[in-house]
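S.K.: Here's a structure for you.
Every number in this text was worked out from the coordinates using simple rules, so none of it is lab data. Since we're looking at a predicted model, the values are computed, not measured. FYI the Cβ positions are ideal-geometry reconstructions off the backbone, even for glycines, and counts take in every protein chain you see.
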Amino acid sequence: MTPLERYESLVDDVAAFRAACDRPLPAVVRVNTIKTTVDRARDALDSEGIAHEPTDWHPGVLRLPEDSPGRNWPHAHGWIHGQEEVSNLPALVLDPDPGDRVWDACAAPGSKTTQLAALMDDRGLLVGNDNNLGRLSALRHNAERLGVTNIAVTNRDARNFSLKPLGEGSDRPTAVDAFDHALVDAPCSCEGTIRKNPDAFDTWSLDHVRSVAGVQKGILRRAVQATRPGGTVVYSTCTFAPEENEAVLDHVLDAEDCRLVDIDAPLEGVPGVTEWAGERFDPSVAKALRIYPHHNDTGGFFCAKLEVGA
Amino acid sequence: MTDNDGQRFDRLPATAAEREVAGRASRAEVIDWWVDRFGLDADTFDGYTFWEKGAGKIWIFAADLPSPVDCEGVGMTFLRTRQEHWKPTTNAVQRFGGAATRNVIELDPDEARRFLAGEDLTPAWDGDWGYLLVAHRIAGEREPIGVGLYVHDELRSVVPKGRRASLPTRE
């Protein structure tokens with residue numbers, strides 16, 4: 001039995017789900033608009049003879065059917081970044097504006113972080129945090145290659161992240177007392193990455209799911225606390241486990257002042273589940289989006305958007 | 001004057017007159033160096049803050065925070081000071097060097113590929129010695145690749161190991 005069999009009762013088309021999970025993922029890159037335009041990146045790929053096609057839902061997310069994302073000039077210039085198609089979703093759902101103050105609580109290795117920076121036109125303040133010092137070097141490397149200048153990189157436990165070093169409570173004009181937006185792309189059991197990481201199930205256990213769910217709750221609670229009233233928090237994982245998804249939302253809805261809002265998602269998916277393993281969740285968790293690999297031929301994903309203090 | 005604490009990020013003083021840490025470059029000196037060296041518009045770096053961590057490593061940051069700041073990074077590495085010849089970083093040249101009008105050497109396709117792989121070259125150049133912005137043409141326009149050190153009729157690639165690549169020859 002693989003962990004996937006746990007979820008077959010939730011899936012609309014089990015045969016398609018299984019078949020998609022067995023297929024490898026196509027190489028996908030995101031165009032980095034901090035350093036170039038989509039047209040220029042595509043021109044450069046064309047002139048190097050690298051076949052590419054835009055996804056049907058985003059002109060700056062390109063599939064490379066025959067090539068890997070590196071070893072070409074557009075990559076050397078930081079114009080493109082290898083990033084799984086579905087992982088482009090949470091930053092788009094968060095949709096920050098230039099000048100905003102944004103916290104990425106679990107930022108390394110930085111694909112979504114650098115996408116947030118691009119959506120902010122590399123202006124405002126982006127705090128990219130990760131508790132894993134080793135993974136921070138990948139975040140720093142990616143941010144530098146992609147030309148991000150609005151990021152402050154921190155190495156703290158997101159569950160008790162302090163705003164004091166950002167000037168909280170001071171009368172400085174740039175002091176950050178709360179963020180406008182936060183992204184919690186949480187550490188998870190990664191079941192949805194099985195197409196990319198065939199060994200994703202090797203370390204799977206229900207104990208691990210339960211233990212990581214505790215961490216996820218702590219991080220999401222802190223993200224809601226650190227975001228201003230009216231601001232938004234996006235929660236995402238690459239797992240199918242309701243314990244790590246809807247149950248985490250249910251916990252935070254109860255513990256903090258926030259509510260789930262609808263996602264205007266450009267990708268196909270199904271609503272969050274309101275019941276699992278004998279437990280019922282707040283009905284609003286149905287506003288979350290579950291993406292199974294067969295829906296859009298991507299990895300598996302979960303994404304939800306919360307509005308704070310409203 | 002106090003000594004530089006290389007373990008933390010300190011904002012650069014606006015001008016040399018406000019310097020409190022020995023040997024620290026000022027914001028004005030850093031901007032002047034980039035503007036003079038590469039012929040950039042004087043307002044290119046308006047709105048950015050500049051920070052030092054380590055011995056002379058300068059960072060450019062699009063935001064501002066209380067100084068000193070307890071972070072692993074603020075913005076991107078920009079310039080190496082506290083040595084005779086200041087040296088811009090590859091990533092900063094890629095990010096800000098597109099509008100450069102001086103000290104830019106444009107390589108042909110074969111030279112550009114070898115430069116990115118870390119090879120030293122002997123291209124034709126009758127300008128200044130020192131750190132040059134190395135560029136090539138891609139998608140119809142000139143684009144900076146990185147930094148080269150031109151001395152004794154030789155262009156040394158100083159592309160850091162993590163940014164080097166051996167690209168296939170494509171026809």
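S.K.: Could you derive backbone 3J(HN,Hα) for segment B:143-158 from the dihedral phi with the Karplus parameters 6.51, -1.76 and 1.60 (θ = phi - 60°), listing whole Hz in sequence and x where the residue is Gly or Pro?
M.R.: Per-residue couplings from phi come out as 9, x, 9, x, 10, x, 9, 9, 8, 6, 6, 10, 9, 8, 6, 10 Hz.
S.K.: Return the whole-Å distance between the Cα centroid of segment A:66-84 and the Cα centroid of segment A:239-302.
M.R.: Cα centroid to Cα centroid, the span is 32 Å.
S.K.: Starting from the 7 Å offset along Cα-to-Cβ, what nm value, one decimal, do you get for the label separation of residue A:265 and residue A:277?
M.R.: Here the modelled spin labels are 2.2 nm apart.
S.K.: Taking H as built 1.01 Å from N, whose amide H comes closer than 5 Å to the amide H of residue B:145, not counting residues under 5 places away?
M.R.: For residue B:145, whose amide H was placed from the backbone, the distant partners under 5 Å are B:134, B:135, B:136.
S.K.: Based solely on its DSSP helices, what 222 nm [θ] is calculated for the protein assembly as shown when runs of n ≥ 4 H residues each add -39,500 (n - 2.57) and the sum is averaged over all residues, nearest 500 deg cm²/dmol? Don't jump to the answer; show the numbers that get you there.
M.R.: Working: 12 runs with 112 residues, N = 481.
Counting only the DSSP helices, I get -6500 deg cm²/dmol.
S.K.: If a/c stays under 1.5 just call it rounded; otherwise compare a/b with b/c (prolate if a/b is bigger, oblate if not). Do that for segment B:103-163, with a ≥ b ≥ c from the square roots of the Cα gyration tensor eigenvalues.
M.R.: Values: a/c = 1.62, a/b = 1.19, b/c = 1.36.
The shape class here is oblate.
S.K.: A further question on this structure: How would segment B:10-89 be classified by its alpha-carbon gyration tensor: rounded, prolate or oblate, with rounded meaning a/c under 1.5 and the a/b versus b/c comparison settling the rest? The partial results should precede the final answer.
M.R.: Working: a/c = 1.41, a/b = 1.22, b/c = 1.16.
Taking the square roots of the gyration eigenvalues as a ≥ b ≥ c, segment B:10-89 is rounded.
S.K.: So how much slack lies between residue A:95 and residue A:39, counting 0.36 nm per residue of separation and subtracting their Cα-Cα distance, in nm? Display every interim value, and only then the final one.
M.R.: Values: separation 56, 0.36 × 56 = 20.16 nm, distance 2.19 nm.
In short, 18.0 nm is gained.
S.K.: Can you give me the long-range amide H partners of residue A:275? Hydrogens built in the peptide plane at 1.01 Å from N, cutoff under 5 Å, separation of 5 or more residues or another chain.
M.R.: Amide H to amide H, under 5 Å and 5 or more residues apart or across chains, residue A:275 pairs with A:281.
S.K.: Can you sort A:73, A:276, A:57 so the residue with the fewest Cβ neighbours within 10 Å comes first?
M.R.: Details: A:73 25, A:276 18, A:57 15.
In increasing order of surrounding Cβ atoms, one gets A:57, A:276, A:73.
S.K.: Could you give the nm distance between label points at residue B:129 and residue B:161, where each point is 7 Å from its Cα heading toward the beta carbon?
M.R.: 2.8 nm
S.K.: Still on this structure, I have one more. At a 10 Å Cβ-Cβ cut-off, how would you order A:162, A:9, A:189, fewest neighbours first?
M.R.: Details: A:162 12, A:9 9, A:189 25.
The most exposed by this proxy come first: A:9, A:162, A:189.
S.K.: Can you work out ³J(HN,Hα) from phi for every residue in segment A:111-116, in order, using Karplus 6.51 cos²θ - 1.76 cosθ + 1.60 and θ = phi - 60°, giving whole Hz and x for Gly and Pro?
M.R.: 4, 6, 4, 5, 5, 4
S.K.: Please report, in debye to the nearest 20, how large the charge dipole of chain A is about its Cα centre when each Lys and Arg carries +1 at its beta carbon and each Asp and Glu carries -1 there.
M.R.: On the way: 31 positive and 48 negative charges, 192 e Å.
I would put it at about 920 debye.
S.K.: Starting with the fewest neighbours, write out A:66, B:52, A:256, A:168 ranked by other beta-carbon atoms found within 10 Å of each beta-carbon. Walk me through the intermediate numbers first.
M.R.: Values: A:66 10, B:52 27, A:256 19, A:168 15.
Starting with the residue having the fewest Cβ neighbours, the order is A:66, A:168, A:256, B:52.
S.K.: Summing +1 for each Lys or Arg and -1 for each Asp or Glu, what net charge is found among the other residues whose Cβ lies under 15 Å from the Cβ of residue A:264? Kindly include the intermediate steps, with their values, before the conclusion.
M.R.: Working: positive: A:287, A:305; negative: A:95, A:262, A:268, A:307.
In short, -2.
S.K.: Reachable aspartates and glutamates from residue A:164, Cα under 18 Å, same-chain residues fewer than 8 places away excluded?
M.R.: Cα-Cα hits under 18 Å: A:104, A:130, A:177, A:180, B:10, B:64, B:70, B:72.
S.K.: Would you work out if the protein assembly as shown is rounded, prolate or oblate? Take a ≥ b ≥ c from the square roots of the eigenvalues of the alpha-carbon gyration tensor; rounded if a/c is under 1.5, else prolate when a/b is larger than b/c, oblate otherwise. Can you show the working numbers first?
M.R.: Working: a/c = 2.47, a/b = 1.44, b/c = 1.72.
In terms of gyration-tensor shape, oblate.
S.K.: Which residues among segment B:33-55 fall inside the zone where the amide N is under 17 Å from a point 7 Å beyond the Cα of residue B:102, along Cα→Cβ?
M.R.: Counting backbone N atoms under 17 Å from the label point, the list is B:33-45.
S.K.: Over what distance in Å are the Cα centres of segment A:4-56 and segment B:113-136 separated?
M.R.: The distance from the Cα centre of segment A:4-56 to that of segment B:113-136 comes to 37 Å.
S.K.: Less than 19 Å apart at the alpha-carbon level, and either on another chain or at least 8 residues along: which lysines does that give for residue A:35?
M.R.: A:112
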